[in-house]
Amino acid sequence: MNLMNRFRKKPPESSLQASVKHLQKKWKRLERKRKLWKFYFYSFVVLPVFAVMLAVKALKTYVRIKLREIAENTQMDSVQKPPKDMG
């Protein structure tokens, strides 16, 4: 087998082909950057905000439940124990 046939040189590209190839490479780089920025935005902005909002909602629910329990217990205590006569 002849080495020259195995490693043929490509014909030179026209200026139009070269510019198209350059634009395609640039487009790929821009797409990659866009995907990275999207990932960063969701990871460092959206996800933490969502986590904080979820924690606040859970805390509000917990406090509401505890306040309801306290209110029910105090109402039952006051109904069950009649006031003492001081006189």
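Residue count for segment 24-67 satisfying the condition of being polar (S, T, N, Q) and under 10 Å from the mean Cα position of the chain (by Cα): 1. Picking from residues in segment 12-23 that are exposed (fewer than 10 other Cβ atoms within 10 Å of the Cβ) and either assigned to a helix (DSSP H, G or I) or not hydroxyl-bearing (Ser, Thr, Tyr) (or both), the one that is modelled with the lowest pLDDT is 12.
For the condition polar (S, T, N, Q), modelled with pLDDT under 95 and open to solvent by less than 100 Å² (accessible area, probe 1.4 Å), residue 43 does not qualify.
The values are calculated or read from the model by the stated rules, or taken from the named source; none is laboratory data. Just so it is clear, the model here is predicted, and its values are computed rather than measured. Heads up, the Cβs are rebuilt from the backbone with ideal geometry, glycines too, and the neighbour counts pull from every protein chain shown. Heads up: the accessible areas ignore ligands, DNA and RNA and are worked out on the full protein's heavy atoms, side chains in. Shrake-Rupley method; radii C 1.70, N 1.55, O 1.52, S 1.80 Å.
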